[in-house]
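Data block below; observations after.
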């Protein structure tokens, strides 16, 4: 909460400068992209838009394809199955990402070795003190590389290298998410309040003990909250991976759209929105209680 | 250890916050993550079959720069190849990607701010902060509740659809121009910024806006003068944080046909130019990193100025 009586005047001038810069950047961007407001009125696409949005309130309950092979499951069941597959892909990828994130986050955190008081000159200690900064640097570089490539680009890369296989989808999400989790976890631990850590050190605990019992528990609620948020993002990414051929919701949306079965598209869309919104509400409730 | 000390420790342990909902939720999530491997039926073993490994070997060979394939590594030739690629497609694609991200986040902010006012529970009532002269009728109060709930539902719904899906729909309607990418990112992030700003507005201290209401300010005046200046710092932090994400997404939206980096990446892949393909993917990573740095710098400036 802000203090009742501020001690410094609010930076009015900087505020104007920041907003002006942002506005100028936006105008420059519009010029670079050669955007015309007139293009917003869909020409040929208007008919398609009309037909598509007309079905918004009447999603299909039955397959709209011209030919339905006998024995295919009914559409709502198909949609729920696709949602289940989406969740399973996201969950498996997230489990890999968590392992990567915890391991790399530990290596990328300075809190467990940086403040260690110079205790002992044994060759083991000296070796550790020269190796650890390198390990930290390598972890940081690896994490940055992993998280800078978008999960869809990882998917395209892995598809080109491995062909279409379940592992490609899992790794496409797990690698960047592992990097993001590692970065966020390491920052949370490094910025955790140090009171308990100092007390433990005063009682004579070693560096790793201080880290595990003094710093990590303080950061764990934030880490759990962030993990829930990341899983929600993983659900969305998993759905989109369907556009690339994997058996998640995106695949069916793309197929139905291309076949102009717009009622089916809306069915899948509502299932997708419902799935993500439900998870959003759940994770929001968890995060509110964790961070309170 | 003495009895007194164990008693103290037990007392401290008893006061630790225990939330049953949180613990059950965490257990459920971990169960889901672990159980997915059992239920999912993923055929990970097939990824390392003979045929796929040969595929991988061929791919790794093809990512060497084209003029260098079959020859020894020559840095000069590699640099020349990189320079040509950048001049031909790289710079323009990078510029377009950044432009899309900037315009999208600004539009998202423009839409998200008014929506946040409607979504904030403290503001979307007939009498924000202080009761007015006449108590409002039941219809008015119900109307505000519906409007507020509808806005919040809209923000959640818009947030739940991935940007790629929005862009896919808009490209089908508007064609492969830049608008679909900009609008897709703008709509999705308007939902996010709207929700975050609404929370910020709700959490601001009530003294100043209540005082303004006390002297007769309207809701708009209370927001503009009493809440917005205080919320601006937080808002700018969220703004730059979401811009960073927009840069990442803008690079891939090109794969739908919009002219951003993703378009050229897909183009190179389709033509079998795996060397250019990898180079452009790495260029995308550099753009994302640049965006990260600019965003971190901007956020530090904002934090230090406040």
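Quick notes on this one:
- Condition met for residue B:85 (surrounded by 19 or more Cβ atoms within 10 Å (Cβ to Cβ) and more than 30 Å from residue A:258 (Cα to Cα)): yes
- Residues of segment A:43-61 classified as closer than 29 Å to residue B:99 by Cα and either over 33 Å from the mean Cα position of the chain (by Cα) or more than 8 Å from every other protein chain (Cβ to nearest Cβ) (or both), total: 3
- Boolean, residue A:104 is more than 9 Å from every other protein chain (Cβ to nearest Cβ), surrounded by 14 or more Cβ atoms within 10 Å (Cβ to Cβ) and in a helix (DSSP H, G or I): yes
- Residue check, residue A:155 within 11 Å of chain B (Cβ to nearest Cβ), buried (at least 19 other Cβ atoms within 10 Å of the Cβ) and either at pLDDT 90 or above or not in a helix (DSSP H, G or I) (or both): yes
- Residue check, residue B:62 within 30 Å of residue B:281 (Cβ to Cβ) and surrounded by 13 or more Cβ atoms within 10 Å (Cβ to Cβ): yes
- Flag: residue A:130 does not match the condition of being within 11 Å of chain B (Cβ to nearest Cβ) and over 20 Å from residue A:91 (Cα atoms).
- Scanning segment B:256-280 for residues that are without any contact (Cβ under 8 Å) to a residue 60 or more places away in the chain, touching a helix residue (DSSP H, G or I) at 6+ places or on another chain (Cβ under 6 Å) and surrounded by fewer than 24 Cβ atoms within 10 Å (Cβ to Cβ) gives B:266, B:268, B:269.
- A residue that is surrounded by 13 or more Cβ atoms within 10 Å (Cβ to Cβ), in contact (Cβ under 8 Å) with a residue 40 or more places away in the chain and outside any loop (DSSP other than H, G, I, E, B) cannot be found anywhere in segment A:53-72.
- Unique match (being free of Cβ contacts under 8 Å to residues at least 60 places away in the same chain, more than 10 Å from chain A (Cβ to nearest Cβ) and within 23 Å of the chain's Cα centre (by Cα)) among B:288, B:294: B:294
- Sole residue being within 9 Å of another protein chain (Cβ to nearest Cβ), over 30 Å from residue A:286 (Cα atoms) and within 31 Å of the chain's Cα centre (by Cα), chosen from B:86, B:107, B:56, B:29: B:107
- Subset of segment A:62-74 that is in contact with a helix residue (DSSP H, G or I) (Cβ under 6 Å, 6 or more places away or on another chain) and over 20 Å from residue B:169 (Cα atoms) - its residue that is farthest from the other protein chains (Cβ to nearest Cβ): A:62
- Which numbered condition residue A:248 fails, given (1) crowded, with 18+ Cβ neighbours inside 10 Å; (2) closer than 23 Å to residue B:154 by Cα: (2)
To keep it simple, each residue is scored yes or no on (1) part of a helix (DSSP H, G or I); (2) under 27 Å from residue B:260 (Cα atoms); (3) within 14 Å of chain A (Cβ to nearest Cβ); (4) at pLDDT below 80.
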site	(1), (2), (3), (4)
B:52	yes, no, yes, yes
B:64	no, yes, no, yes
B:72	no, no, no, yes
B:78	yes, yes, no, yes
B:81	yes, yes, no, yes
B:100	yes, yes, yes, no
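- Among the residues of segment B:184-196, some residue qualifies, meaning at least one is more than 30 Å from residue B:230 (Cβ to Cβ) and surrounded by 23 or more Cβ atoms within 10 Å (Cβ to Cβ).
- Reported count of residues in segment A:249-267, each being within 11 Å of chain B (Cβ to nearest Cβ) and in contact with a helix residue (DSSP H, G or I) (Cβ under 6 Å, 6 or more places away or on another chain), is 7.
- Only listed residue being facing another protein chain (nearest Cβ under 9 Å), surrounded by 23 or more Cβ atoms within 10 Å (Cβ to Cβ) and under 17 Å from the mean Cα position of the chain (by Cα), chosen from A:237, A:283: A:237
- Those helices (runs of 4 or more DSSP H) of segment A:191-270 in which at least 2 residues are at pLDDT 90 or above and under 29 Å from residue B:26 (Cβ atoms), considering only elements entirely within it, cover A:216-241, A:249-258.
- Check on residue B:213, over 17 Å from the mean Cα position of the chain (by Cα) and crowded, with 18+ Cβ neighbours inside 10 Å: yes
The values are calculated or read from the model by the stated rules, or taken from the named source; none is laboratory data. Keep in mind it's a predicted model, so treat the numbers as computed, not measured. Cβ sites come from the backbone with ideal geometry, for glycine too, and all protein chains shown count toward neighbours.
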